[in-house]
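Worksheet: one structure, shown below.
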Amino acid sequence: MFLNIVTLSFKVNIAYRFDFITGIISEIVRAVARIAIWAAVYETNILISSAAPSFSQMTTHLIISGTLVTRWEFQGLIRSIDQSVKSGDLSINLLHPIDYPIYLFAREVGNYIYSVAIVALPAVLILSFWFDFDWPDKFSYGLLFVAFWFVGFTIFFLIACLFGLLTIWLMTAFAIEWLLEALMPILAGILVPLWLLPEPLATLARILPFAWIGYYPSQIYLGRIELGVAWILLVGGVLWVGLLVCWISFLWHRATKQFTVHGG
Amino acid sequence: MEFAIEVCNVTKTYKIANNRDGNTGWFHSLVKPERKELTAVSDLSFQVSTGDSVGYLGPNGAGKSTMIKMMTGILVPTSGTIELRGRQPHLHRKENAQHIGVVFGQRSQLWWELPVVDSFELHKIMYSLSNYCYERNKNYLLQVLEIKNFWNQSVRQLSLGQRMRAELALALIHEPKILFLDEPTIGLDIEAKEAVRKILRQIQSERELTIILTSHDLQDIREICSKVIIVNGGELIFEGTLDTLRAQMGPERRLVITFAKPTGELRIAGTALISNDKFEKHYLIQDRATSSGNILAQLKDIDNIVDFSVRELTIEEIVKSVYRNGSIVKCS
Amino acid sequence: MSSKIRLAWKLASLGFRVQLQFKGSFLLNRIAQVIAYGSSFGAIFILTYRIGGMAGWVWRELLFLMSFQLLSYSLGAAFCFVQFRELESNVRKGTFDLLLVKPAPAWLYIIFAKFNFDYIGHVCLALTLMAWSSIHLVDWNFITVLYLFAAILNSAALTASMLLMIGALSLFGIRVYYLYVIFFSVLEFTRYPIVIFPLLLQVTVVVLVPLAFMSYIPVAYLLDHPIPIVGPMGGVFVIFVGPLSICAATFVWHRGLVNYQGAGG
Ligand SMILES: Nc1ncnc2c1ncn2[C@@H]1O[C@H](COP(=O)(O)OP(=O)(O)O)[C@@H](O)[C@H]1O
Ligand SMILES: [Mg+2]
């Protein structure tokens, strides 16, 4: 069932066949902008601290965190939650054989796999020829990266769900999309890696779940985090997943109760 | 005689992308799109006198909408010329717009989310109507079209019939000289259709309006128009008055009888059997001399009739019958 | 002329009432947008503040550039973005036909009936940041202030014309969605000093898709930073960019109307 939905949404995407060319172009453009900014920074040689990464590591970080792991477009999810709230489908969807949140997750996994396979990976490949790009040199980190990637996407999805559910009370999906968009540039640590943030913002960002979406996966990929710490972080990510799931199901039950009361 | 509209050897061809099939087809059509031409209106000429109401009749895809779009200046003819009161519509869009009103059956000019009144006030400004002129036309149309009681209601909440009446009023608020209607009764129920027809008749006679109305329903034209143009496949096949059309067409109505039990061939005097099913038979009523009373008298003696009805001919049957009954005749 | 202004006003006020019905709380939406932009500016601020600058631009200058870009983009987009992006689907639905039988030009109707008030938040944010960042940066006198205003108007006109032209291509039956994606990709470069980009990209934004004229070139001219390829003359040229791009847009639009085929079948 889960796989059916995943492949279905994958196929729907394939139908828009020109999307991938323009998608690749715009991904590359964004990455080039980010890399150029950092190239300018490195040229000034201000960043001479032993903790600072090399330029190729920086480039790799920008490509992995900006182009690959955060390629998911969360707006679609927020909009469908908003729509089903407004049209009253929310209560109809409760009758589905498969839970609505699980259905949504399956659908978004499909969308994400599609955009990674068709857009992000080709873009990363092209960028890796163009710029200095590091491939992972230890197998263990490569494997860990995949785990972080999956946990990161799950957290991203859950955060978007959480925000989507807010539309029940705030009644404006538009504002909610923008609010989520507002949190990403600083807290996900892509263009500005978390070590560059001033304290106490840096510590806060390291703890909040956004770091698992972009920053930690790329740092793991680069092997810039010790294995022991990496495992702790992975457990931390899983804890966030659990916490978010609890929070969402709490909101979800309140929402559905509200809907059955109102005869939604 | 002054013409409101003169159409002279007008042809319109559409360029359409010809999508190739197969897996690589989309790539080919991206790199080297293959274009096909489709002639929607072919070498058509006719004139419409000021104050006439003309029915532009034809089956689906005959090129009716295309012709209306060229006459209103939306599309540019591929060749030939169209003149509205001496001006080519697409070259003088702005001046022309002041003199024409347009109603498309399935596309609304009203602002969907706002009360009816707002669309009218917008048109007041757009057409630079003076207060006096606007009030006078508004009052007249509100009364004739019976719009008053939903004047302040949001368009979204109107019934199809109400919306069509508002649509008509909006197209007439600036006192156009020529009114174009593209399938104005499509999708309406019989009652609403009747209302629209009645109102158009009334306004036409009170306002000396020139009306061009397309339809695939002869009934629209019978009730509103004095002249008929019939097109098929982009070509003109009949132009003349309704009476000439009647004379040309011969039988105009069809009698359909449904039986309870299987019934063999059954003849009715004054009609011709054209479709002979066991349970349902179709007859053409051949001439107007055959009265309904005459037919009723004959049906009385047949005992297993479930139902019978007299139907209008469809546009396809009219076209067929125009072709059948002699050469294509044009007479003004 | 005055009748056109009256019409534009009426259309915009009707459009505003429609928008209010649909998008939920207007104020909340604007606040969210301001926060989002503020946050992405904040990221750049942190970056350049910690590092000291970028390609010879100090963070105040960068902020001025980014807010100038935001201002000219939002002004242009308020007039032409959503409106002409929707043109393709309005052509398909046949609603565009209805605009062509009206006495007002169709572009006027399109621009003002869907005038996008959403950009008010952007404009407020951009103006505030611009004022704050540039007050000590530039020697403000009559000439420089005049230049700033001229540059804003021209940049906005350039943006609006480009958005209009892309939309107008749908009158030729071209699928324009992808062109918008490309446009917005190139727009990404205009937020930063273009000198940091590879030469190929500099040529692209100065010559091919001349979006450099909507932000980098006027700002660099005001702040005496080098302008690649065209040199300081580019800064002067900015004040001709608006009229030129409007001419180009008018041309494309009218060609589009002649080629227009109506809603398919
Ligand atoms: N925009 C268009 N592009 C391509 N073909 C069209 C277009 N509009 C109409 N056609 C074709 O032209 C013919 C006439 O269409 P139309 O004028 O809409 O007919 P009618 O209104 O009589 O049903 C049809 O075959 C239709 O498919
Ligand atoms: Mg039609």
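Each reported figure results from applying straightforward, stated rules to the coordinates on display, with no laboratory input. Please read these numbers as outputs of a predicted model, since none were measured by experiment. With ideal geometry, Cβ positions are generated from the backbone for all residues, glycine too; neighbour counts draw on all protein chains shown.
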Checklist line | segment A:115-264 shape via C-alpha gyration tensor axes, a/c threshold 1.5 | finding: prolate
Notebook entry, point to check: Which residues' amide hydrogens lie under 5 Å from the amide hydrogen of C:VAL58, considering only partners 5 or more residues apart or on another chain, with H built in the peptide plane?
Noted result: none
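When a/c is below 1.5 the answer is rounded, else prolate if a/b is larger than b/c, else oblate, so apply that to segment B:78-230 with a ≥ b ≥ c taken from the square roots of the Cα gyration tensor eigenvalues. Can you show the working numbers first?
On the way: a/c = 1.61, a/b = 1.12, b/c = 1.44.
Because a/c hits 1.5 or more and a/b fails to exceed b/c, segment B:78-230 counts as oblate.
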Item checked: Interchain or long-range residues, amide H under 5 Å from B:LEU266's placed H -> none
Next item on the list: Using +1 at the Cβ of each Lys and Arg and -1 at the Cβ of each Asp and Glu in chain B, identify which of B:SER65, B:LEU75, B:ASN232 lies farthest towards the dipole's positive end.
Entry: B:LEU75
Check: Going toward the positive end of the dipole of segment C:2-259, with +1 on Lys and Arg Cβ and -1 on Asp and Glu Cβ, which of C:THR159, C:PHE184, C:THR95 do you reach last?
Finding: C:THR95
Checklist line | Under Karplus coefficients 6.51, -1.76 and 1.60, residue-wise ³J(HN,Hα) of segment C:99-110 in Hz, glycine/proline x | finding: 6, 7, 9, 9, x, 8, x, 4, 5, 4, 4, 4
Notebook entry, point to check: How high is the relative contact order of chain B, given as a whole-number percent (alpha carbon pairs under 8 Å, six or more residues apart)?
Noted result: 19 percent
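For the protein assembly as shown, what class follows from the C-alpha gyration tensor (a ≥ b ≥ c being the square roots of its eigenvalues): rounded when a/c is under 1.5, otherwise prolate if a/b is larger than b/c, else oblate?
Details: a/c = 2.44, a/b = 1.79, b/c = 1.36.
Prolate, since a/c reaches 1.5 and a/b exceeds b/c.
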Next item on the list: Give me the lysines in straight-line cross-link reach of A:LYS86: C-alpha distance below 19 Å, same-chain residues under 8 apart excluded.
Entry: A:LYS257, C:LYS23
Item checked: Centroid-to-centroid separation of segment B:219-298 and segment C:108-185 [C-alpha atoms, Å] -> 64 Å
Item checked: Cα lying deepest toward the dipole's positive end in the protein assembly as shown, options B:SER130, C:TYR49, C:PHE22, charges on Cβ -> B:SER130
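Arrange the peptides C:223-236, C:92-105 so that the one whose residues have, on average, the most other Cβ atoms within 10 Å appears first. Provide the component values of the computation, followed by the final result.
Numbers: C:223-236: 15.2, C:92-105: 19.1.
Packing order, densest peptide first, comes out as C:92-105, C:223-236.
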Margin query: Run lengths n ≥ 4 of DSSP H only: what is the helix-derived mean residue ellipticity at 222 nm for chain B, with -39500 (n - 2.57) per run over all residues, to the nearest 500?
Written below: -10000 deg cm²/dmol
Next item on the list: Could you tell me which of the pairs C:LYS4/C:LYS114; B:LYS94/C:LYS4; B:LYS198/C:LYS102; B:LYS193/B:LYS300; B:LYS64/B:LYS281; B:LYS198/C:LYS10 are separated by over 24 angstrom between their Cα atoms in the structure shown?
Entry: B:LYS198/C:LYS102; B:LYS193/B:LYS300; B:LYS64/B:LYS281; B:LYS198/C:LYS10
Next item on the list: Could you go through segment C:40-54 in sequence order and give the Karplus-derived ³J(HN,Hα) for each residue, using 6.51 cos²θ - 1.76 cosθ + 1.60 with θ = phi - 60°, rounded to whole Hz, and x for Gly and Pro?
Entry: 6, 5, x, 4, 5, 4, 4, 4, 6, 5, 5, 9, x, x, 8
Notebook entry, point to check: Once label points are set 7 Å from the Cα along Cα→Cβ at both C:LEU200 and A:PHE133, what is their separation, rounded to one decimal in nm?
Noted result: 1.4 nm
Checklist line | Dipole magnitude of chain C, debye to nearest 20 (Cβ charges: Lys/Arg +1, Asp/Glu -1, about Cα centre) | finding: 840 debye
Note to self: Let me spell out the model: positive unit charges on the Cβ of Lys and Arg, negative unit charges on the Cβ of Asp and Glu, origin at the Cα centre of the protein assembly as shown. What dipole size does that give, in debye rounded to 20?
What the structure shows: 640 debye
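Looking only at other chains, what is the average number of their beta-carbon atoms within 10 angstrom of each beta-carbon in A:191-200? It would help to have the intermediate numbers written out before the result.
Working: counts 5, 8, 1, 0, 0, 6, 4, 3, 0, 0.
Other-chain Cβ atoms within 10 Å of each residue's Cβ, averaged: 3.
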Notebook entry, point to check: Taking Cα centroids, how far is segment A:110-157 from segment C:52-75 in Å?
Noted result: 32 Å
Next item on the list: May I ask you to evaluate 6.51 cos²θ - 1.76 cosθ + 1.60, the Karplus curve with θ = phi - 60°, for each residue of segment B:264-269 and list the ³J(HN,Hα) values in order in whole Hz, giving x for glycine and proline?
Entry: x, 4, 9, 9, 10, 5
Check: To the nearest Å, what is the center-to-center distance of segment B:59-112 and segment B:175-197, using C-alpha atoms only?
Finding: 17 Å
Next item on the list: Could you pull out every residue, at least 5 positions away or on a different chain, whose amide H is within less than 5 Å of the one on B:LEU179? Hs are placed 1.01 Å off N in the peptide plane, and Pro or chain starts have none.
Entry: B:GLY101, B:THR210, B:ILE211, B:ILE212
